[in-house]
Amino acid sequence: MSAHRSMKLSLRQVAAIVVFAVLALPPMIASSSSSGVSAPAVAAPADTQQLRPVIPGADRYQEGKVFLEHADTWSYLEQPGVAPDSQYQVLTGNVVFRKNDMFMYCDSAHFYEAANSFDAFSNVRMEQGDTLFVYADELEYSGVDEMAVLYAYPGKKVRLINRDVKLSTDVFNYDLASNIGFYNVGGVLDDAVNRLRSLEGEYHPDTKYAYFYYNVDLEAPNGKDTLRMYTDSLVYNTGTHLCELIARTRIVSADGEILSSSGKYNTLTGLADLYRRSLVITNQGNTLTGDTLFYDRNRGIGEAFGDMVLMDSARKSSLHGDYGWYNELSDSAFVTGRALAKEYSGADTLYLHGDTIYAYVDTDSSRVMNVYRNVRFFRSDMQGICDSLSSTERDSLMHMYHHPVVWSGRRQVFGNIIEVHVNDSTVDWARLPEFGFTAEHIAEDCYQQMSASEMTTWFNDSTISRLYAEGNVMLIMFPMESDSTYNKYAYVESSEMDAYFRDNDIESVHFRPATTGKVTPLYLAKRNSYFLQRFAWYEDMRPVSPDDVFEVPQSQLDLMRSEIPAPEAAEATRRRKEIRKVRQTGSEQADADRPSGAAESDKVRTAAKPVQAAASVSDSIVAVPRPVSLPVDSIQVR
């Protein structure tokens with residue numbers, strides 16, 4: 001029955017209305033006097049069905065009860081054969097309902113008093129205090145489940161406003177019992193910082209929590225940068241602007257991306273606590289992964305716990321460890337706990353381990369990497385150990401400190417310091433500036449050996465082209481006989497040795513200024529004479545696989561704790577001065593003896609190169625001069 005339609009009343013209906021008015025008059029008068037609202041005068045029945053209702057002064061906080069607070073007109077017509085719960089009153093003009101502290105307004109309504117329900121039409125709004133407002137075109141309220149369903153006409157939206165929060169949708173469900181609103185036809189929530197869209201959503205005004213499901217899209221404008229978040233499920237607090245990630249989520253900004261399925265992200269501060277193997281991608285293409293990540297977007301700092309991986313796509317390298325951090329603004333990184341650096345710019349991958357790895361950019365904008373304690377590295381053609389390692393891009397040099405040892409094939413080299421210089425990712429020279437010892441195992445107790453106060457090797461395309469040694473140069477060599485056996489060894493001493501190679505074979509060897517040598521048959525030699533004074537064979541410490549770099553043997557720990565033998569500095573300096581004097585007078589002849597294209601510069605006295613350099617060190621670093629190339633007249637047979 002329309003709220004604006006008038007009908008003729010039968011005599012029986014008029015009588016019923018008069019009886020109702022008479023019975024209701026005393027409580028109406030009492031209510032009027034207690035509430036300050038004056039009761040209307042009881043009028044005689046007329047040809048109209050419209051009356052002004054007066055509401056008793058009942059307790060408005062009765063559980064589950066909705067009250068009619070006001071209507072300009074009221075009308076009722078009992079419908080025969082209709083259940084009491086389906087009978088309704090027609091209310092028009094400034095209609096007001098109340099449930100607890102929630103007031104609901106409309107232009108007209110059907111009030112199902114027996115069912116404690118109503119339908120509201122036109123200019124519908126809900127108000128709770130002075131902070132929560134909901135606007136719609138129609139409302140259906142069910143007293144059974146205390147649920148209000150609000151609708152918008154085509155081209156319009158249902159709107160909820162709670163302070164600075166605005167929610168809009170086509171159909172909005174509001175649970176008055178729990179004070180929760182939700183939608184499942186698509187909606188948008190805006191606050192002072194973010195806008196969130198989703199197919200389904202739920203908003204809790206009391207706690208300011210909002211839950212979004214399916215095709216969730218968060219947008220956070222911030223000047224020229226706009227943060228976007230994409231997921232299928234998200235929890236968001238409009239008070240703290242904090243997002244709880246409960247499904248796989250992609251966060252995109254001008255600074256890069258974040259991928260995570262669990263954690264928290266503060267859209268106001270840019271701080272993120274991420275769990276379940278999350279990933280941060282910087283705008284430079286570097287990635288940081290960890291079981292747990294703490295990331296500060298504004299400062300560009302990420303901290304990783306559990307299986308950290310930092311990938312540097314530009315340098316084709318990565319850092320791994322149990323714990324580490326990365327600062328993308330300063331391009332620095334730290335890793336420890338099974339710390340590992342990988343370098344894969346070449347055909348093979350270098351695996352470098354140390355207790356701690358620290359990489360940073362120096363004041364001159366040159367990148368530096370330091371690896372501390374119990375360093376071990378592996379590549380298929382080269383392996384090595386040392387106590388610590390440092391490298392810089394400034395001078396393209398890598399330094400290995402304190403008992404460094406490098407292996408390649410059957411060859412080994414060690415010293416106090418090993419320096420490697422790289423040009424265009426290829427080793428062009430390597431140097432042992434304080435002491436050097438090279439050895440190659442050839443048979444049983446037979447080792448080709450050479451030691452000197454200083455050694456330098458040059459390369460062409462990773463192939464040795466020249467080996468220069470000066471200061472206390474000593475060699476022991478076992479020449480192979482025609483039947484592939486060894487029956488003698490040669491011992492040579494010199495102040496300086498300069499050897500030139502072609503295809504890894506010796507082309508010529510020069511000893512300056514004077515050379516003495518002896519050849520001893522093995523049957524006349526004592527076993528201990530097979531070895532130079534500082535000979536050592538460290539094969540048991542050699543890494544044999546990528547995983548073996550983590551297995552530091554006790555022998556390596558003992559070696560790294562031991563002191564380096566004190567160098568005979570004064571004697572070495574004196575001999576080098578003598579050698580340089582001779583070289584000044586004989587340099588022209590020496591140059592004439594060099595193969596074409598082998599006149600490399602001797603100026604290789606500089607310091608350190610990035611760790612990537614180690615990846616290109618070839619087995620020829622530890623090449624030993626072949627004794628068959630020695631001039632026969634330079635060896636005295638004993």
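The values are calculated or read from the model by the stated rules, or taken from the named source; none is laboratory data. Small disclaimer: the values here were computed from a predicted structure and weren't measured. All Cβ positions, even for glycine, are placed from backbone atoms using ideal geometry, and neighbour counts span all protein chains on display. With ligands, DNA and RNA removed, areas are computed over all heavy atoms of the protein, side chains included. Shrake-Rupley method; radii C 1.70, N 1.55, O 1.52, S 1.80 Å.
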Dipole of region 62-163, positive direction: furthest Cα of L68, Q89, G129, with charges on the beta-carbon
G129
Value of relative contact order over region 62-163, rounded to a whole percent, pairs C-alpha under 8 Å and six or more apart
20
Scan around L227 for amide H atoms under 5 Å from its own, H built in the peptide plane at 1.01 Å from N, and keep only partners 5 or more places away or cross-chain.
A220, N222
Calculate the spin-label point distance for Y61 paired with A314, positioning each point 7 Å from the Cα along the beta-carbon direction, and give it in nanometres.
6.5
Rotationally averaged projected area of region 142-230 (alpha carbon convex hull; nm²):
6.6
Per the 1/(1 + (r/R0)^6) rule, R0 = 25 Å and r from the Cβ atoms of Q533 and A443, FRET efficiency to 0.05 is 0.70
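If packing is taken as the mean number of other Cβ atoms within 10 Å per residue, what is the order of 166-176, 382-392, highest first? Don't jump to the answer; show the numbers that get you there.
Numbers: 166-176: 20.6, 382-392: 23.8.
Top to bottom by mean Cβ count within 10 Å: 382-392, 166-176.
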Where only C-alpha atoms are counted, convex hull volume of region 62-163 per residue in Å³:
103
Hz values of 3J(HN,Hα) by residue in region 404-413 - Karplus curve (6.51, -1.76, 1.60), Gly and Pro given as x:
x, 9, 10, 10, 8, x, 8, 9, 9, 9
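Can you work out the FRET efficiency for the pair K224 and Q284, with r the C-beta to C-beta distance and R0 = 22 Å, to the nearest 0.05?
Values: r = 19 Å, r/R0 = 0.84.
Once the sixth-power term is evaluated, E becomes 0.75.
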Stretched fully, the stretch from D206 through T240 gains (0.36 nm per residue minus C-alpha distance, one decimal, in nm) 10.9 nm
Cβ crowding within 10 Å averaged over residues, with 119-131, 533-545 ranked highest first:
119-131, 533-545
Each residue of region 304-309 in turn: what ³J(HN,Hα) in whole Hz from Karplus with 6.51, -1.76, 1.60 and θ = phi - 60°, glycine and Pro shown as x?
10, 10, x, 6, 5, 9
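Against the 2.2 N^0.38 Å scaling, with N counting residues, where does region 186-338 land? I'd like the Cα-based Rg ratio to two decimal places. Write down the numbers at each step before the final one.
Numbers: Rg = 15.9 Å, N = 153, 2.2 N^0.38 = 14.9 Å.
So region 186-338 has a normalised radius of gyration of 1.07.
With the full set of protein chains in place, find how many percent of the accessible area of region 353-504 is carbon and sulfur; take the probe as 1.4 Å. It would help to have the intermediate numbers written out before the result.
Values: 2020 of 4820 Å².
In region 353-504, the share of accessible area belonging to carbon and sulfur is 42 percent.
Could you tell me the ratio Rg/Rh of region 397-456? Both radii from Cα atoms, Rh via Kirkwood. If you can, show how the numbers build up before the last one.
On the way: Rg = 12.3 Å, Rh = 12.1 Å.
That ratio is 1.01, to two decimals.
May I ask you to derive the FRET efficiency for N504 and D558 from their Cβ-Cβ distance with R0 = 35 Å, giving the value to the nearest 0.05?
0.55
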